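What follows is calculated from the coordinates using simple rules that are stated; it is not laboratory data. Quantities reported herein were computed from a predicted structural model and do not represent experimental measurements. When we count neighbours, we look across all protein chains shown, and the Cβ atoms used for this are built from the backbone with ideal geometry, even at glycine.
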Amino acid sequence: MSFTYIAKMPTPEEIKERFPVSKELQEIKAKRDREIADIITGKDNRFLMIVGPCSADNEDSVCEYINRLAKVAERVQHRVYIVPRIYTNKPRTTGSGYKGIASQPDPTAKPDMVEGLIAVRKMHLRAMEETHLTAADEMLYPENWPYVDDLLSYVAIGARSVEDQHHRLVVSGFDVASGMKNPTSGDYSVMLNSVYAAQHGHHFTFAGSEVKTSGNPLAHTILRGAVSKHGNTTQNYHYEDLIRLHNMYEEMELVNPACIVDANHSNSNKQFKEQIRIVREVMHNRRYSNEIKSLVKGVMVESYLVEGNQPISDHQTYGQSITDACLGWEDTERLILEVADMAD
């Protein structure tokens, strides 16, 4: 057989029973879900910043980071709305390498999917309990949604998943803001078609059941740059790119036109310090153009306690990324305060 069945996975109900969300945290999440929805729909003019490590590889360092983030979030709360990135699955271009804490709770050990689910649940819960911030995560594997649907306030669909029918249909059943990234090719039409699919209801099979969804009006776009046919990165955060997206939104007559600009990945050519300049340019363009201001609801920034990145080893630097390079804490704090000054 091509498949070797190692262990039966616990059900979402079993995992939730072991690691439940308290009534207090349920109310906090519901409130944050509404607030983020109001930003996406334009009822709230605060600016979203989805900020955190490229991959959430270690519970202690991630929670220390989010505790720091919570203090800054309180200072800027009237202008900037902070959503921490707790990305527990890591897409890999070639399929090899570290795939996130959901697959490898210990990056130096073998994969363990059951312990990975537990590690994901515990990390999100601890962050919520300590900071009252609910997080964003990438839904790399749609089947994981029932394990975390009571934890997340924002979901991203990545550049390699956005063309997949299953991802599009599953997002149509989410009840939180969900960002659909442009594909690695950069094709806006693919991204907007994904938003259209996610905003409408569907009938399909999911998690072993026949299901029907009502559509997710909070599905929106994320611009993350692209890669040309020659392998060169191309950017899509500039004024002309944003105006083009604004016009295409109008042509498709989608509800709640909204965009988040991912300042890293192909937009920065993975030069992590460039995120600072890119965010500044986005904020300038929002001030210059009412169309861009109405469209661009926020930015994504990859940052951690220590700037840069490192290989996986048995002597890792605490709080430094083991995947893509990230801004360090000092630059992150300054950037958040700067955005708060520019947001209006």
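Does A109 fit the bill of being hydrophobic (A, V, I, L, M, F, W, C) and either farther than 29 Å from I28 by Cβ or in contact with a strand residue (DSSP E or B) (Cβ under 7 Å, 6 or more places away or on another chain) (or both)? First the steps, then the outcome.
Numbers: hydrophobic (A, V, I, L, M, F, W, C): yes; either farther than 29 Å from I28 by Cβ or in contact with a strand residue (DSSP E or B) (Cβ under 7 Å, 6 or more places away or on another chain) (or both): yes.
So A109 passes the test.
The number of residues in the stretch 41-84 that are in contact with a Leu (Cβ under 8 Å, 6 or more places away or on another chain), closer than 18 Å to R121 by Cα and surrounded by fewer than 22 Cβ atoms within 10 Å (Cβ to Cβ) comes to 2. When the residues of the stretch 138-159 are filtered to those that are within 17 Å of A219 (Cα to Cα) and not hydrophobic (A, V, I, L, M, F, W, C), the one that is surrounded by the most Cβ atoms within 10 Å (Cβ to Cβ) is Y154.
In the stretch 104-126, which residue that is outside any loop (DSSP other than H, G, I, E, B) and among the small types (G, A, S) is nearest to I86 (Cα to Cα)? Selected residue: A119. Scanning the stretch 218-247 for residues that are assigned to a loop (DSSP other than H, G, I, E, B), touching a Ser or Thr at 6+ places or on another chain (Cβ under 9 Å) and surrounded by fewer than 16 Cβ atoms within 10 Å (Cβ to Cβ) yields S228, K229.
Look through V62, V72, V83 and report the one residue that is closer than 30 Å to Q310 by Cβ, in contact with a Pro (Cβ under 7 Å, 6 or more places away or on another chain), touching a residue at least 60 places away in the same chain (Cβ under 8 Å) and not in a loop (DSSP other than H, G, I, E, B). Quick ask: steps written out before the conclusion?
Working: V72 fails: in contact with a Pro (Cβ under 7 Å, 6 or more places away or on another chain); V83 fails: in contact with a Pro (Cβ under 7 Å, 6 or more places away or on another chain).
Answer to the selection: V62.
The residue pairs whose first member lies in the stretch 280-294 and is farther than 16 Å from V80 by Cα, whose second member is of a type in the set (K, R), and whose beta carbons are closer than 7 Å, counting only pairs six or more residues apart or on different chains, are I292/R286.
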